[in-house]
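The block underneath contains the structure these notes are about, expressed in structure tokens.
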Amino acid sequence: MKTHYKIILKVAAAVLLLAPLSGCKKDFFDLKDRNGVDSRIWNDEGAIQFFLNDTYDVVMPDYPYEIAANNVLYSSDEDKLSASDATMQKALGLKGLLVSNDIKYIASKYQSTKGDNKYFDIARCNTAIKGITESSLSAESKRKFKGQFYALRAMTYFDLTRLYGGVPLVLSPQDPDNVQLQGRVKAAECFKSIVSDLDSAMVLLNGITWSDGTERGKWTKSGAAALKAKALLYWASPQFNPTDNPGHPFDAARWQTAFNASKEAYDICKAAGASLVPNYADIFLKEGTSNPEAIIVRSYSSKLAKRGQNVEAKLRPVEEGGTASAFTPTLNLVRQYTMKDGTPITVSGSGYDATLFWLNRDPRFDATIAYNGGPWKLSGRAGRKQWAYTGEISEGSKVTGFYSKKFSDPELAKGAVTYSNDFGGNGLDWIEMRYAEVILNYAECANEVGDLPLAKSLVKEIRIRAGIIQGSRNYGLDLAVSKDLMRKLIMNERMVEFAFEGKRFHDLRRTRTLHLLEGNIELMVWDTKTADLKTFLETVNSNGVRNRDTVNVNNKDTFNKFFKTSTAIVSGTGAFTIPDYYYFFALPSTFMNSSPLLDQTIGWDGGTFDPL
């Protein structure tokens with residue numbers, strides 16, 4: 001392999017101070033040498049802050065589906081797949097394998113949109129760390145700025161490494177006209193660098209606090225500790241630590257290291273005041289100091305120019321100003337919610353009713369899933385019901401069986417739903433890391449090192465907050481009598497706790513369980529028993545409301561009088577296989593073509609590089 005060869009790769013050129021920085025002091029950026037950076041900017045906190053803000057903009061993750069380059073990463077059985085979602089279907093192996101260009105995390109052009117070139121983002125961090133170190137800033141200012149840049153660089157390399165395995169590791173500024181990169185290094189070197197950067201960030205950011213009004217979303221010691229624990233969890237997981245690969249013997253010590261980091265992150269976050277938001281449905285509605293669960297955040301606003309997002313429009317039904325074009329639950333996800341006492345619906349005696357399947361479920365079901373005739377407060381209408389039967393008067397052919405309530409502001413008026421002309425939408429912050437994830441990462445590590453009681457006590461924290469009752473099975477935890485069963489319970493817990501938060505696909509990849517998606521992707525089809533009944537339901541009565549809004553779908557006889565249900569298989573889904581090499585993506589061809597010295601990942605066309 002050519003791992004240690006030097007390569008000339010202009011794609012990663014440190015183009016550092018482009019048009020977005022023109023708002024800073026002009027004399028700092030009116031440069032004679034356009035390939036360089038005037039070192040004076042590193043002595044000016046305002047200039048550095050502007051540069052840092054721009055780096056946050058391109059590095060920090062967003063809501064799923066906000067960035068086209070990331071869409072493929074959110075493919076899972078939580079989301080509806082359709083014939084138009086070709087790339088997402090490829091990501092699951094449903095319509096052939098991904099070609100190199102389908103993932104744009106590395107591209108052979110300077111970054112024009114978020115996700116185009118991660119090495120551009122890394123170059124920003126490298127240059128800033130060096131410039132700030134050599135500046136005349138106070139020690140306090142240096143540690144404040146450097147801590148954030150270290151964390152941002154670690155996050156970028158973590159994103160790259162979990163997708164591709166070992167990648168070129170660049171930790172110093174490069175000459176834009178003569179970029180000298182090492183070839184792909186071992187995954188171990190990447191994780192070592194990620195952990196080192198986060199250790200640095202934890203030290204540098206220790207004791208630093210930010211104002212809620214103007215500095216929300218900046219890195220903290222808690223955030224760095226949480227990401228470090230997560231990175232080490234990935235390094236210990238089967239994607240990077242397989243149990244059946246002779247070339248890479250299983251290393252149990254990695255789980256102990258991940259456990260130690262997870263405990264540290266849990267303790268640091270808790271000491272800093274982190275806690276679970278009491279009401280699960282409020283998690284994304286609370287912002288700033290009112291949300292003690294938010295650990296790593298990308299801040300948004302509906303009132304500040306160019307600081308919004310369009311999530312509300314993508315999940316709301318048409319009658320409420322949306323398009324319901326994303327975040328569409330499948331029946332596969334709906335079945336994963338346990339009963340209210342934590343018992344899976346497949347367990348005998350669980351009390352599950354296949355007709356009124358929404359009754360007595362894990363309360364996170366009602367907080368997340370909108371179903372036919374179920375309550376969904378929108379535009380401030382507390383008694384509003386959502387209807388989803390075929391051809392119904394409000395949505396018509398757009399009905400897909402379920403809607404997602406998560407990320408929606410129930411008080412937002414219909415006319416303010418769409419983000420356009422740089423304003424509008426709900427402006428809710430994106431929470432990349434919640435305290436709940438810190439807890440579940442810790443629980444998973446505890447289980448893997450053999451501490452089943454601790455793992456259960458941690459999951460119990462999550463289930464109690466969710467509203468699950470103790471019942472006769474200790475919140476359902478008594479059913480997990482072994483490490484294997486607890487591992488399965490934790491993965492299911494993550495699926496429902498983080499539904500639509502972009503965790504599921506990565507969880508399936510890191511645990512090498514993408515095969516769990518083999519089979520059909522199912523949707524629920526609701527329909528009225530007869531055309532006459534449909535007409536009756538949609539008729540406005542003497543009280544000025546449609547008759548359907550007076551129907552109690554929780555009464556089985558009433559439901560069966562008006563409705564019938566069936567399941568539908570999403571076109572193009574079905575049985576498929578997951579080859580082992582699929583757990584690491586191929587480097588995009590545009591990146592590969594930039595140099596003959598880069599090796600492609602084993603398994604992909606012409607691949608010789610072992611991603612581990």
Check your understanding: Once label points are set 7 Å from the Cα along Cα→Cβ at both ASP580 and ASP605, what is their separation, rounded to one decimal in nm?
Key -> 2.4
Exercise for review: Taking amide H positions as placed in the peptide plane 1.01 Å from N, state which residues far from THR418 in sequence (5 or more) or on other chains have amide H under 5 Å from it.
Suggested key: GLY425
Practice item. Give the order of THR55, THR209 when sorted by the count of other beta carbons within 10 angstrom, beginning with the fewest. Key: THR209, THR55
Revision key, fill the gap. What the Cα atoms of the stretch 334-431 span along the principal axes, largest first and in whole Å, is 54, 36, 22
Point to revise | Cα-derived Rg to Rh of the stretch 385-441, Kirkwood definition | key: 1.10
Practice item. Please list the non-local residues whose amide H lies under 5 Å from the amide H of LYS385, H modeled 1.01 Å from N, same-chain partners needing a gap of 5 or more. Key: TRP376
Review point. Tell me, ILE578, ILE393 in order of fewest to most beta-carbon neighbours within 10 Å?
Key: ILE393, ILE578
Review point. For LYS405, which aspartates and glutamates qualify as cross-link partners when the Cα separation must be under 12 Å and same-chain residues fewer than eight apart are set aside?
Key: ASP282, GLU312, ASP366
Practice item. Can you put VAL58, VAL540, VAL318, VAL297 in order of Cβ neighbours within 10 angstrom, beginning with the fewest? Key: VAL540, VAL318, VAL58, VAL297
Revision key, fill the gap. The simple spin-label model distance between SER348 and ASN547, using points 7 Å out along Cα→Cβ, in nm, is 4.4
**Study point:** Shape category assigned to the stretch 261-358 from the gyration tensor of Cα positions, a/c cut at 1.5
**Key:** oblate
Exercise for review: Report the residues of the stretch 348-366 in range of a label on SER472: point 7 Å along Cα→C-beta, backbone N strictly under 17 Å from it.
Suggested key: 348-353
Exercise for review: Report, by chain and number, residues whose modeled amide H sits under 5 Å from the one on MET339, excluding near sequence neighbours (fewer than 5 apart, same chain).
Suggested key: ILE345, ASP362
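Every number here is computed from the coordinates shown, using simple stated rules; none is lab data. Since this is a predicted model, take the numbers as computed values, not measurements. Cβ: placed from backbone, ideal geometry, glycine included. Neighbour counts: every protein chain shown.
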